[in-house]
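Student: Can you keep this structure in mind? I'll have questions shortly.
Where a number appears in this text, it was derived from the coordinates with a stated rule and is not lab data. Everything numeric here is computed off the predicted structure, so don't read it as measured data. Here Cβ is always computed from backbone atoms with ideal geometry, including for glycine, and neighbour counts include all displayed protein chains.
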Amino acid sequence: MEEVRIQKNDRAVSFRVIEDVGEYIVFDMSLTGPARNRMSYSGGVFQEAWQAVEAILGEISIPEELRKYANRF
């Protein structure tokens, strides 16, 4: 599993990649709201995972560490 933590202003997400099963997990690490509501995305489509990131942080560039997953099509 690879994890990249991304922060913008006072919000933060954990973007996790489980390569052997092709799954992306986006977890809102911001301390707003109950923990049970912090999972934003779990699935196999990078674009949908990145949309979940931007729903939390606003528009943001894909970090270099994650570009290899964004370009797999």
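Student: Dipole size in debye (nearest 20) for the chain around its Cα centre, Lys and Arg Cβ +1, Asp and Glu Cβ -1?
Tutor: Values: 9 positive and 12 negative charges, 33 e Å.
It comes to approximately 160 debye.
Student: At 7 Å along Cα-to-Cβ for each site, give me the label-to-label distance between Glu64 and Met1 in nm.
Tutor: About 2.6 nm separates the two model spin labels.
Student: Net charge near Val4, counting Lys/Arg +1 and Asp/Glu -1 over other residues with Cβ under 12 Å of its Cβ?
Tutor: My count for the surroundings of Val4 gives 0.
Student: Same structure, new question: Taking R0 as 22 Å, what's the FRET efficiency between Ile18 and Ala55 from their Cβ-Cβ distance, rounded to 0.05? Working shown, then result.
Tutor: Details: r = 21 Å, r/R0 = 0.95.
Working from the Cβ atoms, E equals 0.55.
Student: Using bins 10 angstrom wide from zero, how does P(r) for the chain break down, in % of all Cα pairs?
Tutor: Values per bin, smallest distances first: 20, 58, 20, 1.
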